[in-house]
Amino acid sequence: MDRTLSTASRKRRIAVVREVSPALADCELTHLDRQPIDVDRAQRQHEEYIQALAALGCEIHRLPAEDHLPDCVFIEDTAVVLDEVAILTRPGALSRRAELPTVAEVLARYRSVLTIEAPGTLDGGDVLVLERQIWVGASDRTNPSGIDQLRQHVETYGYTVTAVEMRDCLHLKTAVTAVSSDTLLIQPQWIVGNPFDAWRQVEVDPEEPFAANALRIGDELIYPADFRLTRRRLELMGFTIHHVPADELAKAEGGVTCCSLLLDRNEDGGRAV
Ligand code: CIR
């Protein structure tokens, strides 16, 4: 038997998601004005997102929402999950730190879990993993201590960690995400300089400033339905896109990466290390 193939075929991708809180309208907001949020509609959109993840082969691990955690659907911010280890973050917004215990419990089934300690702050939305290079947005939510602690946790596994200066947006992944192994979707106005000049870059359409957040699952993308012009650019380049309605969650400043934590696991065991 070919052992390599056999191991590969036993890899499973898990998407950990957390349901939309009834209190979503009380979410944190930094760069958007508060506007009414239709929670039922946000829940329906979130459900479509989960169905898209499932259709792309993810096994869904669903966590319940909690009434007192308005932003808990944005689970990406609570952890950085690598093949070797998971790092529980310490979100920059105080209101979000109570989201951590439930997430820690789940991740411990699949990975060794390390933590970011005070005075460090780190939001998962600021962490862009490009193979062995990890880029971290020096945003209002993520501070130098958080970035240093992340570096200490991961350099032993061969990752480099580089801070990225940014402006005018919430997280690094509001401004840039990977759409393939060598291509980034980017809103250059929100990133200082061009730290990503070694990658092929697709710029968002100028009429769609928030369009840089795409969720890559294998060779395909989950992408907000609203950003038609940027989607067209990607489709013309050959990308396969599953578009999902996401405008209600966008009122809470969330995109598509922020609603899941993705991890691979071997079927014959929980922890990868
Ligand atoms: C917050 O401000 O924390 C939430 N209202 C939105 C978080 C979105 N997270 C993300 O893009 N990774």
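The values are calculated or read from the model by the stated rules, or taken from the named source; none is laboratory data. Remember, it's a predicted structure, so these values are computed and weren't measured experimentally. Methodologically, a virtual Cβ is constructed for each residue, glycine included, from the backbone with ideal geometry; neighbour enumeration extends over all protein chains shown. When the accessible area is computed, the model is the full protein with side chains, heavy atoms only, and any ligands, DNA or RNA have been set aside. Shrake-Rupley method; radii C 1.70, N 1.55, O 1.52, S 1.80 Å.
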Legend entry - In the stretch 94-108, the residues that are within 11 Å of the ligand (Cβ to nearest atom) and buried (at least 17 other Cβ atoms within 10 Å of the Cβ): ARG96, GLU99
Inset, instruction - Considering only residues that are open to solvent by 30 Å² or more (accessible area, probe 1.4 Å) and under 17 Å from ARG132 (Cα atoms), look in the stretch 160-172 and name the one that is farthest from the ligand (Cβ to nearest atom). - result: THR160
Inset, instruction - Could you tell me which residue of the stretch 207-222 is surrounded by the fewest Cβ atoms within 10 Å (Cβ to Cβ), considering only residues that are under 23 Å from ASP168 (Cα atoms) and touching a Leu at 6+ places or on another chain (Cβ under 9 Å)? - result: GLU207
Legend entry - Filter result (in a loop (DSSP other than H, G, I, E, B) and either in contact with a Gly (Cβ under 9 Å, 6 or more places away or on another chain) or at positive phi (or both)) within the stretch 187-242: GLY193, PHE210, ALA212, ASN213, ALA214, GLY218, GLY238
Inset, instruction - Kindly indicate whether any position in the stretch 37-47 is in a loop (DSSP other than H, G, I, E, B), crowded, with 16+ Cβ neighbours inside 10 Å, in contact with a helix residue (DSSP H, G or I) (Cβ under 9 Å, 6 or more places away or on another chain) and touching a residue at least 12 places away in the same chain (Cβ under 8 Å). - result: yes
Legend entry - Checking ALA225 against (1) small (Gly, Ala, Ser); (2) exposed (fewer than 15 other Cβ atoms within 10 Å of the Cβ); (3) without any contact (Cβ under 8 Å) to a residue 40 or more places away in the chain, the condition it does not meet: (2)
Inset, instruction - Would you tally the residues in the stretch 142-159 being loosely packed, with under 12 Cβ neighbours inside 10 Å and of a type in the set (S, T, N, Q)? - result: 2
Inset, instruction - Quick one: which strands (runs of 3 or more DSSP E) lie wholly within the stretch 121-165 and hold at least 2 residues that are touching a strand residue (DSSP E or B) at 6+ places or on another chain (Cβ under 6 Å) and closer than 21 Å to ASP71 by Cβ? - result: 127-130, 133-137
Inset, instruction - Take LEU184 and decide whether it is part of a strand (DSSP E or B), more than 14 Å from the ligand (Cβ to nearest atom) and surrounded by 16 or more Cβ atoms within 10 Å (Cβ to Cβ). - result: yes
